[in-house]
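Report on the following structure.
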Amino acid sequence: MKWNHITRAIVFLSLAGLGIVGNTLVFVRQLYMVALGAEKKPVDLIFIHLAFCNVIIICSVGIRDMGTMFYFSNFLGDIGCKAVVYLARMARGLSICTTCLLSVVQALTISSRTTIWRKLKPQTSWQVLPFLLLFWIVNLLISSNLLCYIKASAELNKSVAGTFTGHCYMLPSRHIIKWLFLSLMTLRDAIFQSLMGWSSGSTALHLYKHHQHVLYLHSSRFANNSPPEIRATWSVLILMACFIFFYWVDFIFSFYTGFTVTNDSIVLSIKTVLDIAYASFSPYVLIIRDVRVPNILQAHREV
């Protein structure tokens, strides 16, 4: 194995390991909050779902690229290739939808009580469950074409298919099928990113007004002590910024590799890291900026 492949494997496995640990911590902690917490918030179930989707992304991309990194020839097989590529694509769509839902719910949560939008805010964790089920149905259907066109390299003649990733290949499809699913994915991304942009902009504007109001009413000492709702809102805004950054950088690299059909190991390595970057970094934003656990502990100490 060449040193550049070893370096790539170490970086990828380290990033994937951190991502799995972080998402597992978020999943378990939020599940505890839903099951045993005194106050169940709508975002709890969204956090659980986002962490679950992140783990799917990391594991599917990891398994997909394992053969390329360690030269395991055709270890997935036809069914394995279909499964990991399908799960990676579907989980990516679920991540977009779930992150958008989180942004919208947070924007509704901190909106003015007098606004009509506040009435749309879910009151319990279980009221967001229908949205999550809808996301699964939509993304299962949008990614369904991969089940027909993904094959393992041992199952076909390489001369008639372009390399998709690693030891998995994607068969050429009819133009009408190709553009149909591409249009559906583009429409999905455009809708949810537009909602994400609107909710993030509304949230940022509300935070700015809140900051000005606090500066006007209190001294700077009290202004620095933001309530948990505001700090949680900042966490969601940071998640939005991370998601948008990694999404568009990944889109640029995907566009480049798709049209140039490059086999440059550096470009492909960067593409692989970008595939799991948001899934690996996002749980630590929630862990570092989570304020509810310390508040609960403080409340117990006061009792």
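What to note about this one:
Per-residue answers, yes or no, for (1) modelled with pLDDT under 80; (2) within 30 Å of Cys59 (Cβ to Cβ); (3) surrounded by 14 or more Cβ atoms within 10 Å (Cβ to Cβ):
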site	(1), (2), (3)
Ala232	yes, yes, yes
Leu237	yes, yes, yes
Phe253	yes, yes, yes
Gly258	yes, yes, no
Ile266	yes, yes, no
Ala277	no, yes, yes
Val293	yes, yes, no
Arg301	yes, no, no
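- Tabulated pairs, the range 181-208, first farther than 17 Å from Trp248 by Cβ and modelled with pLDDT under 90, second among the aromatic types (Phe, Trp, Tyr) and surrounded by 15 or more Cβ atoms within 10 Å (Cβ to Cβ), C-beta under 8 angstrom, 6+ apart or interchain: Leu207/Trp234
- Qualifying residue in the range 66-74 (condition: within 23 Å of the chain's Cα centre (by Cα) and at pLDDT below 85): yes
- Matching option when the condition is more than 23 Å from the chain's Cα centre (by Cα), modelled with pLDDT under 70 and not small (Gly, Ala, Ser), among Thr114, Thr165: Thr114
The values are calculated or read from the model by the stated rules, or taken from the named source; none is laboratory data. Since we're looking at a predicted model, the values are computed, not measured. With ideal geometry, Cβ positions are generated from the backbone for all residues, glycine too; neighbour counts draw on all protein chains shown.
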